[in-house]
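The values are calculated or read from the model by the stated rules, or taken from the named source; none is laboratory data. Here the structure is a predicted model, which means the values were calculated and not measured. Every residue, glycine as well, gets a Cβ built from its backbone with ideal geometry; the counts of neighbours run over all protein chains shown. Quick note on the areas: whole protein, heavy atoms, side chains included, nothing else; ligands and nucleic acids left out. Shrake-Rupley method; radii C 1.70, N 1.55, O 1.52, S 1.80 Å.
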Amino acid sequence: QIEQLSDQLEGIEEAESIRRTDVAQQVGTSLLRGDSNLDDTLSSHPPLDDTPWAGEELLASEGFTARAMMRMTSQIRESCAGMDQHFGGKAVVSPSLLVSMLTKVEDHLKRRGEKAINEYPTPPGERIVVVGDLHGQLNDALWIFYRYGLPSEASGNIFLFNGDIADRGMFAVEIFMLVLGWMLVFPNAVFVNRGNHEDLLVNTSRCGGFYDEIIAKYPVHGRLVFEHFGRVFAALPLAYLFGPAGARILVVHGGLPRVPTQFIPSLRHMAPRGPTVPMRTSSVAEVVVKDCLWSDPQDKAGQDVSTRGASLICFGPDVTLKFCHDELIGLIVRSHEVPPTGEGFAFHHQNRLCTVFSASNYRGIEHNSGAVLLITSADLAVGNLAKSVRPEVYFAPRLQQACMSPPEPPKELLEADIEAEFLPQTPAARQTREVARRSVAAKAEAASKALIKSDDPSGEQIKDEVVKIVAELVVAHKEELWQGFWEKDLGLRSKPLARSGFVSFQVWKEVCQAVLGQAVSWDSVAAVLGIVEALPPHQGNVDYNRFLHRFHVCLREDGCVRAAWIESVLAKMVEKLLALSVQDLLNLFDQDKNGRLTIAEIASAVKTLDAGLSQAQVRALYLTFAVHCDQSVQDDIEVEPFLSALVAASGEEGRDTSKHARARGAWPRWATRYLRHLGRGIWEEGEHKHNLLEQFKTFDLDGNGLLEPSEFVKIMGSLQARFCQQLGAVMLPESSLKELAKLADFDGSGAVSYMEVLLALQPADTAVGGHVRFDLFEQICATVWCNHEALLKAFHTLDVDGTMMVDAATLTKALEQLNVTLSSGTEARRPLLPFQIEALVSHIQLDENGLVNYNSFLDAFHVVDCAG
């Protein structure tokens, strides 16, 4: 059940990824359209060192020969044996060799022709081993080669890798080195289909990982290596068709498109593809490409929207059967997902469709088996489809054992070896050796499966993955979730009416389904998170504040972005308010004079002030205050505590980014101590009891909305008479109160405004101020984090030299373009204001040349689980 939940959430995660990569494509297109000097490819790059690394000497001297590739295969096995299979390690293949190999592979694929489908009426070789998704799991790739031997044209040992070699795992570079390297040695024995993860934008997404792997292994030349992989991805075919009419086998990564009749004709006449598959399609050909990489089968007839994203489809058995009938196809082989059986393969749609998935124990948590599909070429050639197809299941051992299991070399190499007589090369002899290897492999696989289950008997690893995905979904949709819960708060059913901060479990599920996705067992998610209250008075309900505040986007302490930049955003707004009289202040915010504020009133006031908050941030500010400070059931909030919250958020101790903060820092210690004690007493009593705003109006004897020094002395005398005794604080004489009046006049106007009174009395540890500050900070951070792919695409477009370093102007340009794209060109909808972008960029730690690594900038923002 928990494995199914993980797969469900992975589908939702992919839907999020598709939405974000669509934004990224728009950002890149807009930048290219706006600057004719930009190109979507590198114009230069840091120079490469051609010195061969260990194991590459033969490749450097002989090129891609069987002997040289065999040495490279051994080098990869030896070098990776001591690495952690989930976290990877240092680079094993030099960037120079990778770039050289990828260039050769691109040329080889283009020489084969630009068609997106390769057709073989007579199947090649003796046997075709169809390999499904590997997702960077090197132990599975090595284990497949151990079980079935390395590719060989002479022995007819043919391999077809059906996409998704990249992403998830941390050894995709090494797998590509093996697969593509052997393709260059034996071009008629190794074939590769493109999968949906052979896509540069998907590789940079949160459901990717290949870009991160490359940058970690090649910090200097990573961008160059990544772009060369993109060129190969663009040249990969999308499908293979083997066998005679009526018994043909179609191998494609995802499945059938929404226009099945156009599938094969489109592939046969398709124009060259790009390194990224467009999510917004403008032609039948683009629809076919997207669907054949992303679609999935379903049991229900017809076509439906996929849980992976609204622009994707699922297709039913009727679609499959009609397509097979019309195209004289006996079997469709696809990959793309872990089969529900957990056995690495599954037949669907009256056995006319087969899913093959080769990454066993996927992501190190799912405990599923892997499988390959063996196709006997001779049987298929005579139309005997049933006899020609056989799936084989396995469970790869851990990386160290897989690395220590040598594959049988290709026949070409053994025949040239002086010791070849010890390994007879007749088909029967090779079959005998393979059967023996499988016998040994079966024992190792059984032991490995038992060991993995015993390592994590309660499934904590997969639960951690569930929590991680839920956390990322929550921070990306926190405002929508908050709004949904807030409107259905249980307190709205009680008497007297007052929001409680709780919703029923059923409401919690309904809101999560509506906002995050239907195709998830939210009962199981709740069980993993432990969010349902077990004890009265809220037994069976959910504390939605705690649920939402469990997950946050924060800055890494050791990152290149200093958190102090949020202070300048808050300080700008407060300083705009300082000079206003109390009447102007209330007129500005409380436009209908009812003592309460709506979102529209706050937004209008902020716009009038040019106070540095976007509409999205105004909503975040409003919801924060409504949840933490206002239990009323109305769709508005009180004026006085709202203004207090703003001041509290901007007045934290030790901050020096605003004028008023610096002024307070220069106060005499007696004044700071006295006002802090007095302010704490006022705030602890609560706005309804101390009525500071009403007292301000009472002591404003001339009614100008400002306190003259004599009026300030009187209000302070009244406050200290009320609070100093209960706080055990010393009451100040009138002369000291006059000195305080000068200190509280932050703008030097000769009078004290209501906001200046709040600033003067602001204690350092007000909870509401912390909430406002934190949630506003997160809203801005989340804008960057949630659009990681789009910003990275902008940086790649602007970084024409491939250095991965950018200056402040380039950072600003990328953030501004993101802003424009997210707002669809409507200025009022931009999530970040120009001032905020300027403040953020000014707090990035640049090197002595005024540059920062843009990968480090993006990595500075991360999601944290406060309960973890």
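Residues that are touching an Asp or Glu at 6+ places or on another chain (Cβ under 7 Å), under 10 Å from Val639 (Cβ atoms) and either open to solvent by 60 Å² or more (accessible area, probe 1.4 Å) or of a type in the set (Val, Ile, Thr) (or both) within segment 593-607 are absent altogether.
In the set (1) crowded, with 19+ Cβ neighbours inside 10 Å; (2) assigned to a loop (DSSP other than H, G, I, E, B), Arg363 fails one condition alone, (2).
Filtering segment 377-391 to residues that are out of contact with any Pro (no Cβ under 6 Å at 6 or more places or on another chain), open to solvent by less than 50 Å² (accessible area, probe 1.4 Å) and either touching a residue at least 12 places away in the same chain (Cβ under 8 Å) or at positive phi (or both) leaves Leu385, Ser388, Val389, Pro391.
Each residue in segment 324-382 was checked for being of a type in the set (A, V, I, L, M, F, W, C), in contact with a His (Cβ under 8 Å, 6 or more places away or on another chain) and at pLDDT below 95, and 0 pass. Exactly one residue out of Ala794, Ala808, Ala814, Ala790 is over 23 Å from the mean Cα position of the chain (by Cα), at pLDDT 95 or above and closer than 21 Å to Gly34 by Cα, and it is Ala808.
Is it the case that segment 752-762 has a residue that's at pLDDT below 85 and charged (D, E, K, R)? Checking segment 752-762: not a single residue is at pLDDT below 85 and charged (D, E, K, R). Taking segment 665-682 as the range and being among the basic types (Lys, Arg) and open to solvent by less than 70 Å² (accessible area, probe 1.4 Å) as the test, the residues that pass are Arg676, Arg680. The residue that is modelled with the highest pLDDT, counting only those in segment 561-592 that are closer than 30 Å to Ile469 by Cα and surrounded by fewer than 20 Cβ atoms within 10 Å (Cβ to Cβ), is Arg562. Just one of Ser439, Ser448, Ser405 is closer than 30 Å to Leu184 by Cβ and either exposed (fewer than 13 other Cβ atoms within 10 Å of the Cβ) or modelled with pLDDT of 90 or more (or both); which is it? Result of the check over Ser439, Ser448, Ser405: Ser405. Glu789 passes every criterion in (1) assigned to a helix (DSSP H, G or I); (2) closer than 18 Å to Leu858 by Cα; (3) open to solvent by 40 Å² or more (accessible area, probe 1.4 Å) apart from (3).
Condition check ((1) under 36 Å from the mean Cα position of the chain (by Cα); (2) charged (D, E, K, R); (3) not in a loop (DSSP other than H, G, I, E, B)) across all residues:
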residue	(1), (2), (3)
Leu585	no, no, yes
Leu588	no, no, yes
Gln591	no, no, no
Ser604	yes, no, yes
Lys607	yes, yes, yes
Gln617	yes, no, yes
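Applying a threshold of 7 Å to beta carbon distances and a minimum spacing of six or more residues, or different chains, the list of pairs starting in segment 92-114 at a residue that is closer than 20 Å to Gly222 by Cβ and ending at one that is in a helix (DSSP H, G or I) and among the aromatic types (Phe, Trp, Tyr) reads Leu102/Phe229. The set of residues in segment 814-837 being surrounded by 15 or more Cβ atoms within 10 Å (Cβ to Cβ), touching a residue at least 40 places away in the same chain (Cβ under 8 Å) and of a type in the set (D, E, K, R) consists of Arg830 alone.
Taking segment 549-560 as the range and being open to solvent by less than 10 Å² (accessible area, probe 1.4 Å) and in contact with a Phe, Trp or Tyr (Cβ under 7 Å, 6 or more places away or on another chain) as the test, only Val553 passes. Does Leu250 qualify as being at pLDDT 95 or above and either assigned to a loop (DSSP other than H, G, I, E, B) or farther than 25 Å from Val382 by Cβ (or both)? No; evaluated as a whole, the condition is false for this residue.
Within segment 503-517, being free of Cβ contacts under 8 Å to residues at least 60 places away in the same chain and surrounded by 21 or more Cβ atoms within 10 Å (Cβ to Cβ) holds for Val503, Trp508, Val511, Cys512.
Results for (1) assigned to a loop (DSSP other than H, G, I, E, B); (2) of a type in the set (Gly, Ala, Ser); (3) touching a residue at least 40 places away in the same chain (Cβ under 8 Å); (4) touching a strand residue (DSSP E or B) at 6+ places or on another chain (Cβ under 9 Å), shown as yes or no for each residue.
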| position | (1), (2), (3), (4) |
| --- | --- |
| Thr320 | no, no, yes, yes |
| Leu331 | no, no, yes, yes |
| Pro339 | yes, no, no, yes |
| Gly342 | yes, yes, yes, no |
| Ala359 | yes, yes, yes, yes |
| Asn368 | yes, no, yes, yes |
| Ala371 | no, yes, yes, yes |
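Yes or no, residue by residue, for (1) in contact with a Lys or Arg (Cβ under 9 Å, 6 or more places away or on another chain); (2) under 23 Å from Leu138 (Cβ atoms); (3) surrounded by 14 or more Cβ atoms within 10 Å (Cβ to Cβ):
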{"position": "Ser6", "(1), (2), (3)": "yes, yes, yes"}
{"position": "Gly11", "(1), (2), (3)": "yes, no, yes"}
{"position": "Ala24", "(1), (2), (3)": "yes, no, yes"}
{"position": "Ser30", "(1), (2), (3)": "no, no, yes"}
{"position": "Leu38", "(1), (2), (3)": "no, no, yes"}
{"position": "Glu56", "(1), (2), (3)": "yes, yes, yes"}
{"position": "Ser94", "(1), (2), (3)": "no, yes, yes"}
{"position": "Val99", "(1), (2), (3)": "no, yes, yes"}
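The set of residues in segment 153-166 being within 14 Å of Gly181 (Cβ to Cβ) and not aliphatic (A, V, I, L, M) consists of Phe159, Phe161. Residues in segment 302-313 include at least one that is more than 23 Å from the chain's Cα centre (by Cα), buried (at least 18 other Cβ atoms within 10 Å of the Cβ) and not basic (Lys, Arg). Scan segment 267-291 residue by residue and report those that are outside any loop (DSSP other than H, G, I, E, B), in contact (Cβ under 8 Å) with a residue 60 or more places away in the chain and open to solvent by less than 50 Å² (accessible area, probe 1.4 Å). Within segment 267-291, Leu267, Val289 qualify.
Restricting attention to segment 593-602, the residues being in a loop (DSSP other than H, G, I, E, B) and under 18 Å from Met755 (Cβ atoms) number 1. Counted as qualifying within segment 131-220 are the helices (runs of 4 or more DSSP H) with 1 or more residues that are modelled with pLDDT of 95 or more and surrounded by fewer than 24 Cβ atoms within 10 Å (Cβ to Cβ), namely 138-148, 172-185, 210-217.
All conditions in (1) of a type outside the set (Phe, Trp, Tyr); (2) closer than 24 Å to Val356 by Cα; (3) out of contact with any helix residue (DSSP H, G or I) (no Cβ under 6 Å at 6 or more places or on another chain) hold for Glu487, with the sole exception of (2).
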